[in-house]
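Below: one structure, written as structure tokens.
The values are calculated or read from the model by the stated rules, or taken from the named source; none is laboratory data. Every value quoted in this text rests on a predicted model; they were computed, and no experiment measured them. A quick note on method: Cβ atoms are made from the backbone with ideal geometry, for glycine too, and the neighbour counts reach across all protein chains shown. Side chains are part of the model used for accessible areas, which takes the heavy atoms of the whole protein and leaves out ligands, DNA and RNA. Shrake-Rupley method; radii C 1.70, N 1.55, O 1.52, S 1.80 Å.
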2 protein chains.
Amino acid sequence: MNYQFSNNVPASDEDPVGNILKVAGDPKVISFAGGLPAPELFPVEALKQATNDVFDESGRQALQYSIAAGDPKLREQIAQRMNRSGIKCDIDNIIITTGSQQSIDLTAKIFVNPGDTVIVEQPTYLCALDVFRSYGAHIVGVPMDDDGMQMDALEQAVQANPNTKFIYTIPSFQNPTGRTMPADRRQKMIEIAEKYNVMILEDDPYGAIRFAGDDVAPVKTFEHDERVIYMSTFSKILAPGLRIGWIVAEKTLVKKFILMKQTVDVHSDNLTQHIIAKYMAENDIDAHIAKIKAVYRKREGIMMAAIEKYFPKDAHYSHPEGGLFIWVEVPGVDTQTLFNTCIEHDVAFVPGEPFYADQVIPGTFRLNYSNMQEDQIVTGIERLGNAIKETIAQSVEV
Amino acid sequence: MNYQFSNNVPASDEDPVGNILKVAGDPKVISFAGGLPAPELFPVEALKQATNDVFDESGRQALQYSIAAGDPKLREQIAQRMNRSGIKCDIDNIIITTGSQQSIDLTAKIFVNPGDTVIVEQPTYLCALDVFRSYGAHIVGVPMDDDGMQMDALEQAVQANPNTKFIYTIPSFQNPTGRTMPADRRQKMIEIAEKYNVMILEDDPYGAIRFAGDDVAPVKTFEHDERVIYMSTFSKILAPGLRIGWIVAEKTLVKKFILMKQTVDVHSDNLTQHIIAKYMAENDIDAHIAKIKAVYRKREGIMMAAIEKYFPKDAHYSHPEGGLFIWVEVPGVDTQTLFNTCIEHDVAFVPGEPFYADQVIPGTFRLNYSNMQEDQIVTGIERLGNAIKETIAQSVEV
């Protein structure tokens, strides 16, 4: 068959990151390329217990069709967590989604016509870029510094694009950079959004995984008129295989999300929603998150110390206070060449290019520390340091 | 906020079927309006055992991120079932989806640009119409008779719409009509699709629930060039709360589905995929399906006998040999008036109107028998018969 695809389909079948992950998946390679949480921290026994209780107490209900908004008991648990984080809401402000990726997809489907502008951090979560492209969005990247998206550049971008539908931001421990926007910048983002009447999509998968420094309230807590669509997920605080995320938004907007959600998959897995609600009722999820933080703090510290020891002195890198990622910039290095050299050294990362909507800053790459044993981190970063020095030496020779 | 939605969002927030289900949900109403499988048939204990085995044997893997195509063990189980049904395939022909609704949504997203034609049965599954509308499709309905879509009308529709992307068909025990296309008509559909070079989306959620008559092979088994996208689900043969369906298509096309699936929700619930694969490895799902068939056969028979006893003689109705639904046509009755009278009689159905893409046949409605105890079926159909007679008498008076 010679298929005639829609404009929603990417012209190319190429999946550069998929190819990188495939190469990095070689067992002898120490891979910092992925973005997986540490599976040894999954609370398997507690989830098993919760699941057995669901089967015993409400098995037939959990296995039957449910409502698109999501299980009320789970939304109640989430509402309590959200209110503790400063976001005032009740269960009618919340819709359950099949993970953060679907939250992004639904938001884009609801707001973006072809040609509409979506403003993103530069760099940003690459699979969000794929979503926005699938709806024909005009994507505008805003430069970042160590404190995240730069607000003067954001205002210029919004001014220059009057058809902007929303600003997509990952304000805490951003993917890929690990950077966090301070409170004053979050407040400024709200001011700009209100002044130019654009929405904000606040993607917060990592905010709960803070292992250093002080909490910063979500962007949504600074709003005056419910223009922020807040989204988070159980992927990093519980288990990503469960594919359960949520959106918090104004109630009339949640109704639109519910209509669209019915159309795309009726509702998210009902058994899993029951399991998570039961898990949260039977366990202190914050105590579990504290264990995650302790492990990630240690791994980040070991990686940072190894970077300082083995990387060239002119390398820049973020200093995350939470989340899963460190962002590195080595001036003058071509990251594809570096990647190839790394593979010879049995170590891998993700090159920065795919994370940029438009203008790429060369020499950048992402390192993940959440899913790697401590001794492997040191060995891997030493190999990576050697590969960087080798690549620089070769480029000087050329 | 005064939101500026995309063209993907329905102009109206009205949800006529949702409103009907709400009214029908009154505990004193005997409702034939829903489309739920019988929860008393869910194999709760066997699923609980399978789940415990998943947690014990591969808990961390089931809770971690997986691949967009879906769990290979589950795809292998599905491939074996598909080959037994006559559809030749291996796991690379299969992608796991978050239920049939997502299979329809992904297909529309991949193929439909605004203005492209999608041809459907008249009437058809109303939530498929919602999907096609969300992508701006031009929907063309083809009349049916007791043997399903009429092939001469189909050929005319394809000829008249050269921008047709695909024919959407539910060939077995169709929703809402319960009708089944015989083999010769399926073959003719393939001939038309090949002649005019259009795709077919074969939606087969009910095919395995045949309780009378002889099996008819899937439309896909008649194809010569893999132009049929076949889709099915565990919703009716196991449990709909699990939200797991699948697509069988040509391998290069499955790769496009995988790319798009990654964009919309990364992958479907991994724990649930593991549970179903384990359940199928530990149990004979066909023995379970046999239990479903026996119960539904009995309920359909009771409903049919009650219809013959209590409905006016000029009522037409389908005689399903499987599935969940009977379709009724009572000439000269306005079904909204009938619905209101029925609610006074504490009985409910779904009026036919929302199932039609364009030209509505008045006086039609859908009855569901899968989720109703036998004595309730008789009482409910008696009430419905009385309401029909009352409505006809009133309309004659007017």
Across (1) open to solvent by less than 40 Å² (accessible area, probe 1.4 Å); (2) closer than 25 Å to A:R186 by Cβ, A:K88 clears everything bar (1)
Exactly one of B:P351, B:P320 is in contact with a helix residue (DSSP H, G or I) (Cβ under 7 Å, 6 or more places away or on another chain), farther than 17 Å from B:L384 by Cβ and surrounded by 19 or more Cβ atoms within 10 Å (Cβ to Cβ), and that one is B:P320
Test A:P143 against the criterion of being part of a loop (DSSP other than H, G, I, E, B), more than 11 Å from every other protein chain (Cβ to nearest Cβ) and farther than 27 Å from A:I237 by Cβ, and give yes or no. no
**Item:** Test: residue in the stretch A:277-290 that is of a type outside the set (A, V, I, L, M, F, W, C), surrounded by fewer than 19 Cβ atoms within 10 Å (Cβ to Cβ), more than 14 Å from chain B (Cβ to nearest Cβ) and under 24 Å from A:S103 (Cβ atoms)
**Value:** yes
Subset of the stretch B:1-53, residues facing chain A (nearest Cβ under 9 Å) and β-branched (V, I, T), comes to B:V9, B:V44, B:T51
By residue number, the members of the stretch A:44-68 that are surrounded by fewer than 19 Cβ atoms within 10 Å (Cβ to Cβ), closer than 19 Å to A:K236 by Cα and touching a residue at least 60 places away in the same chain (Cβ under 8 Å) are A:A46
Those residues of the stretch B:300-314 which are open to solvent by less than 10 Å² (accessible area, probe 1.4 Å) and closer than 15 Å to B:K389 by Cβ amount to B:A306, B:I307, B:F311
- B:I95 being more than 10 Å from chain A (Cβ to nearest Cβ), open to solvent by less than 10 Å² (accessible area, probe 1.4 Å) and not in a loop (DSSP other than H, G, I, E, B): yes
Only one of A:S134, A:S103 is hydroxyl-bearing (S, T, Y), buried (at least 24 other Cβ atoms within 10 Å of the Cβ) and in contact (Cβ under 8 Å) with a residue 24 or more places away in the chain, namely A:S103
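To keep it simple, each residue is scored yes or no on (1) of a type in the set (D, E); (2) in a helix (DSSP H, G or I); (3) in the same structural domain as A:F211 (by TED's automatic domain parsing).
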residue: A:A277; (1), (2), (3): no, yes, yes
residue: A:V295; (1), (2), (3): no, yes, no
residue: A:E300; (1), (2), (3): yes, yes, no
residue: A:M303; (1), (2), (3): no, yes, no
residue: A:K309; (1), (2), (3): no, yes, no
residue: A:K313; (1), (2), (3): no, no, no
- Taking the stated definitions as given, is A:T391 in the same structural domain as A:A294 (by TED's automatic domain parsing), buried (at least 20 other Cβ atoms within 10 Å of the Cβ), of a type in the set (S, T, N, Q) and within 28 Å of A:I119 (Cα to Cα)? no
Does the stretch A:224-247 include one or more residues that are β-branched (V, I, T), in contact (Cβ under 8 Å) with a residue 60 or more places away in the chain, away from chain B (no Cβ under 13 Å) and open to solvent by 10 Å² or more (accessible area, probe 1.4 Å)? no
Filtering the stretch A:239-260 down to residues that are under 23 Å from the mean Cα position of the chain (by Cα) and hydrophobic (A, V, I, L, M, F, W, C) yields A:A239, A:L242, A:I244, A:W246, A:I247, A:V248, A:A249, A:L253, A:V254, A:F257, A:I258, A:M260
